[in-house]
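Everything on this sheet refers to the single structure shown next.
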Amino acid sequence: MTEPHLESADGHRAATPRPAPNMMPRAVGSTIAADETSETRDPASVTGAVGAILEQVDEIRRATGDRFDLAALGQQADLLEHAHDVLTTALEDVDPR
């Protein structure tokens, strides 16, 4: 797949700019408790915490099977957001830009 390009006023094509890592959004209003933050410093605990959250997401998926369940989808979204917060906090602990 090719990257999208922008054409300048003089007809030249330039690659679409991408945000640098320091420009990426940070979690606002994180729901991670203070005791969870101390755990996120250890890579194994981060991996374990995220793995446990993803297992909960999979359990919900298995429970709903092939049917569409809006409540289950909402629960999965909340869990994935929590996993994102855990990872974001761990990254901020390593490199607090």
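The values are calculated or read from the model by the stated rules, or taken from the named source; none is laboratory data. Computed from a prediction, not measured in an experiment: that's the story for all the values here. Backbone-built Cβ (ideal geometry, glycine too); neighbour counts: all protein chains shown. The protein model used for the area step is the full one, side chains on, heavy atoms only, and it has no ligands, DNA or RNA in it. Shrake-Rupley method; radii C 1.70, N 1.55, O 1.52, S 1.80 Å.
Looking only at the stretch 63-97, which residues are open to solvent by 70 Å² or more (accessible area, probe 1.4 Å), within 28 Å of PRO43 (Cα to Cα) and either assigned to a helix (DSSP H, G or I) or of a type in the set (Lys, Arg) (or both)?
Passing the criteria: GLN75, ASP78, LEU80, GLU81, HIS84, LEU87, LEU91, VAL94, ARG97.
ILE53 fails exactly one of the following numbered conditions: (1) open to solvent by 40 Å² or more (accessible area, probe 1.4 Å); (2) at pLDDT 55 or above; (3) β-branched (Val, Ile, Thr). What is the number of that condition?
(1)
Restricted to the stretch 32-41, and to residues that are open to solvent by 80 Å² or more (accessible area, probe 1.4 Å) and touching a helix residue (DSSP H, G or I) at 6+ places or on another chain (Cβ under 9 Å), which residue is modelled with the highest pLDDT?
ARG41
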